[in-house]
Amino acid sequence: MLASRIFCLDKKMTRTLNTILITLAILSGCASKPPAAISKVPVDNPSLASVRMDIDGFMGAEVRWGGVITKVENKSSQTWIELVRRKLSENGKPRSNDRSDGRFIASFEGFIDPLVYKVGRPLTVVGTIEGKTRLPIGEYDYLFPIVAVEGSYLWKAESRTRDPYYYPPPYWYYDLRYYHHWPYHRHPHFY
């Protein structure tokens, strides 16, 4: 009798564990897979710092770079988006930290709406180095490599706002202790 109850308990536990493991496997697979437009990672993906030292030597090299948009400039037949480069996570999204090895320009064919591609939004591009240009950043004359974009992915902007009324879970119990005298919030546990 006891052995059959233990066996049934083991079946339930096994089923529960299997469900949890399958769910975790599915979620981890979804989280780390890059979007199709930027899934192509070049074999020799050079760093921006090394390309800036010898842009002419890297002409035609394939890159997958990403960063934060700082400027959108629409020209007659193309759009230049200036980015502060950030390291990419496994799924290709630029990491949100303060480290950068420079800036680059992503060159898109046609018109890009600056209200969609807003300053501060993360963007990842796949393309080839097609040239260089010097543009001012303040009073500094900066040398930008230009990437001809073949594929891109605009990530959702990260909101850093927090609910001012949110209390972390450990504080919930303490808040309830002080409101036990309210007639509509009485709980037998507090008496």
Taking into account only those residues within segment 43-55 that are touching a residue at least 40 places away in the same chain (Cβ under 8 Å) and within 24 Å of the chain's Cα centre (by Cα), which is surrounded by the most Cβ atoms within 10 Å (Cβ to Cβ)? V51
Scanning segment 110-134 for residues that are within 24 Å of the chain's Cα centre (by Cα) and part of a strand (DSSP E or B), the one surrounded by the fewest Cβ atoms within 10 Å (Cβ to Cβ) turns out to be T128
Residues satisfying the stated conditions in segment 57-73, i.e. on the phi < 0 side of the Ramachandran plot, touching a residue at least 60 places away in the same chain (Cβ under 8 Å) and more than 19 Å from the chain's Cα centre (by Cα): F58, M59, A61, E62
Which number in (1) on the phi > 0 side of the Ramachandran plot; (2) outside any loop (DSSP other than H, G, I, E, B) marks the one condition that I105 misses? (1)
Restricting attention to segment 135-179, and to residues there that are at pLDDT 65 or above and hydroxyl-bearing (S, T, Y), which single residue is nearest to the chain's Cα centre (by Cα)? Y153
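The values are calculated or read from the model by the stated rules, or taken from the named source; none is laboratory data. Small disclaimer: the values here were computed from a predicted structure and weren't measured. Reconstructed Cβ throughout: ideal geometry from the backbone, glycine too, with neighbour counts over all protein chains shown.
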